[in-house]
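Written below as structure tokens is the structure these notes are about.
A short reminder: the numbers here are calculations on the coordinates, not readings from a lab. Keep in mind it's a predicted model, so treat the numbers as computed, not measured. All Cβ positions, glycine included, derive from the backbone under ideal geometry; neighbour counts span all protein chains shown.
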Amino acid sequence: MTTGPSRLTPHPPVSMNAAGGRCTVVVGCQWGDEGKGKIVDVLAESADIVARYQGGANAGHTVHVHGDEFILHQIPSGILHPGKRCLLGNGVVLDLPKFFAEYDALVERGIELEGRIGISQRAHLLLPYHRALDHAAEVRAREKIGTTGQGIGPAYVSKSGRRGVRVTDLGNAPRLERLVERAMGDALQELEVGRFAATELEAGVWAALALAGRTLPMATDTGREIVEALAAGRSVLMEGAQGTALDLDHGTYPFVTSSNTTAAAAATGLGIGPTAISAVLGVVKAYTTRVGNGPLPTEFDEEMGERVRELGGEFGATTGRPRRCGWFDAVQARYAARVNGLTGLAVTKLDVLDSLDEIRIATVYRVDGELTTEFPADTWSLSRVEPVLERHPGWRAPTTEAREISDLPVEAYSYLARLQELTGVPIEIVSVGSRREQIIHV
Ligand code: GDP
């Protein structure tokens, strides 16, 4: 018997990010609405591809460019930079009529989109019966989650229940019809709707599917595109929606969204391996907000809540609902740093605190008389914790014109230094206003 060489010849890796193209995940670290859209828009300048990996039209990322406001629901926030490629991964649930309404509205506002958007062939479709199921579930529920009512939850249920319809199915009319008839039959049975409502719902479903002709030319393998781009030394930005405390596994269950929002989901939601990711940037507001129900340990009293809500314009971009507001919660943020493996932090909306006399940070929780720095898995416990608040003097001066960290008042600097210390993550970016240029690269 002859034996071969003692080692296999090294072979260029096909999936690891060995060529050094930068691959950064931008992830919300609180309950969503952290200002990810603005941060992604700023970073997209130096990226080649911007990709969404989970969620759907429940996201509402607001970006201000040259005096214009854009609210992006399904299309990645990088789209406002000419020529950048934008991808929607297999982890998103795609609402076709809403997607094309958003697409057409951008074109109408002069954004060139031809050839710029790719949609994963493996992405699941959100169809009108999902919205009807969402609505019915929220009406029936004794304990309301406070969903956006967009059908996102039921669409993910169809996916995990293996009754989903995917983008790739749009290319095979007989199979599509079979899949949809079956899924819709199940939904109608569950909904117990009358004949008229059923006919209307069916018409909505077929109208959505009639957009197949516009969708299929955008269908792609997002994982392959990303790996090839990285191998060519290009850079990729992955844009999370919602936030860590809304993650299906790591959030305040059951008051969570129906997908994994944390950084690892960028890999599964786009079809790449974790070794392709080079950095994870966590986005936190300089305070905390939450929409919908569920615990918010540092929540303000009514008067302070109203004040910060007005100062920060804290009303939902998708639903218009007022957001609940509270102090920065370092226990929650430290937990987010761990579950996301953060390499850097972007702190947004520092300017919202400009007029406050005093600012507080929750450093530990008191639970049944015991102090803990752990974010409890038990949501019921979380609703009973008493945050221990550290007091910081306010800076009472505008920060909106600061462009360097040294432009900030010393109290604002100390506040940020403390956030960095408590979270254990270096602050890389500070945002001091909604406009693109209101940014400090630390
Ligand atoms: P996202 O879903 O995480 O992208 O966040 P949203 O778009 O829902 O909410 C963030 C809101 O804050 C938007 O209206 C942004 O224009 C705005 N915003 C982002 N960064 C800043 C900032 O640093 N200061 C102020 N005042 N507003 C900001």
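Arranged from highest to lowest average of other beta-carbon atoms within 10 Å per residue, in what order do the peptides 262-273, 58-69 appear?
For the peptides 262-273, 58-69, the packing ranking is 262-273, 58-69.
Rounded to the nearest 500, what is the 222 nm mean residue ellipticity of the chain from helices alone, with -39500 (n - 2.57) per DSSP H run of 4+ residues and division by all residues?
On the way: 13 runs with 139 residues, N = 442.
So the calculated ellipticity at 222 nm is -9500 deg cm²/dmol.
Using modelled backbone amide H atoms (1.01 Å from N, in-plane), which distant-in-sequence or interchain residues come within less than 5 Å of ARG436's amide H?
Result for ARG436 returns HIS64, HIS66.
Any aspartates and glutamates with Cα under 19 Å of the LYS36 Cα? List them, leaving off those in the same chain fewer than 8 positions away.
GLU45, ASP48, ASP68, GLU69, GLU102, GLU239, ASP247, GLU314, ASP329, ASP351, GLU428, GLU437
Would you list the P(r) distribution for the range 283-442, with all Cα-Cα distances sorted into 5 Å bins from 0 and each bin expressed as a whole %?
For the range 283-442, the pair-distance distribution reads 2, 9, 18, 22, 21, 17, 8, 3, 1, 0.
Taking the C-alpha atoms of the range 41-137, how large are the radius of gyration and the largest Cα-Cα span, Dmax, in Å?
Considering the range 41-137 through its Cα atoms, Rg and Dmax are 13.7, 44 Å.
How about the range 177-240: which GluC sites (Glu not before Pro) there are in a DSSP loop, with at most 16 other Cβ atoms within 10 Å of their Cβ?
Counting only loop positions with at most 16 other Cβ atoms within 10 Å, the GluC sites (Glu not before Pro) in the range 177-240 are GLU192.
Three principal axis extents, largest first, for the C-alpha atoms of the chain, in Å?
Principal axes ranked by extent give 71, 66, 56 Å for the Cα atoms.
Given charges of +1 on the Cβ of Lys and Arg and -1 on the Cβ of Asp and Glu, with all other atoms neutral, how large is the dipole of the chain about its Cα centre, in debye to the nearest 20?
On the way: 45 positive and 55 negative charges, 268 e Å.
Computed charge dipole of the chain: roughly 1280 debye.
Using only the alpha carbon atoms of the range 196-254, find the Kirkwood hydrodynamic radius as the inverse mean reciprocal pair distance, in angstroms to one decimal. Don't skip to the end; give the middle numbers.
Details: mean 1/r = 0.0632 Å⁻¹.
For the range 196-254, the Kirkwood estimate is 15.8 Å.
Please give me, ordered by residue number, the trypsin sites (Lys or Arg not before Pro) of the range 106-176 that lie in loop per DSSP and have at most 10 other Cβ atoms within 10 Å.
Passing sites in the range 106-176 are ARG109, ARG142, ARG162.
Find the eigenvalues of the gyration tensor of the Cα atoms of the range 119-202, then list the square roots of 5 times those eigenvalues as equivalent ellipsoid semi-axes, largest first, in whole angstrom.
Whole-Å semi-axes of the equivalent ellipsoid: 23, 16, 9.
Using only Cα atoms, what Kirkwood radius does the range 129-281 have, in angstroms?
Over the range 129-281, the inverse of the mean reciprocal pair distance is 17.9 Å.
In Å³ and rounded to a whole number, note down the convex hull volume per residue for the Cα atoms of the range 278-322.
Per-residue hull volume (Cα only) is 122 Å³.
Which ³J(HN,Hα) values in Hz, rounded to whole numbers, follow from the phi angles of the range 237-247 under the Karplus curve 6.51 cos²θ - 1.76 cosθ + 1.60, where θ = phi - 60° and Gly and Pro get x?
Per residue, the Karplus-derived 3J(HN,Hα) values read 10, 10, 9, x, 10, 6, x, 4, 6, 10, 5 Hz.
If amide H atoms are built 1.01 Å from N in the plane of the peptide, which residues on other chains or at least 5 residues away come under 5 Å of the amide H of LEU87?
Residues meeting the criterion, in which the H sits 1.01 Å from N, are VAL50, ALA51, ARG52, GLY118.
Could you list which residues have their amide H under 5 Å from that of PHE315, counting only those 5 or more apart in sequence or on another chain, with H placed in the peptide plane?
Correct list: ARG323.
What's the exposure ranking of CYS23, CYS29, CYS325, going from fewest to most Cβ atoms within 10 Å?
So the ranking, lowest neighbour count to highest, is CYS325, CYS23, CYS29.
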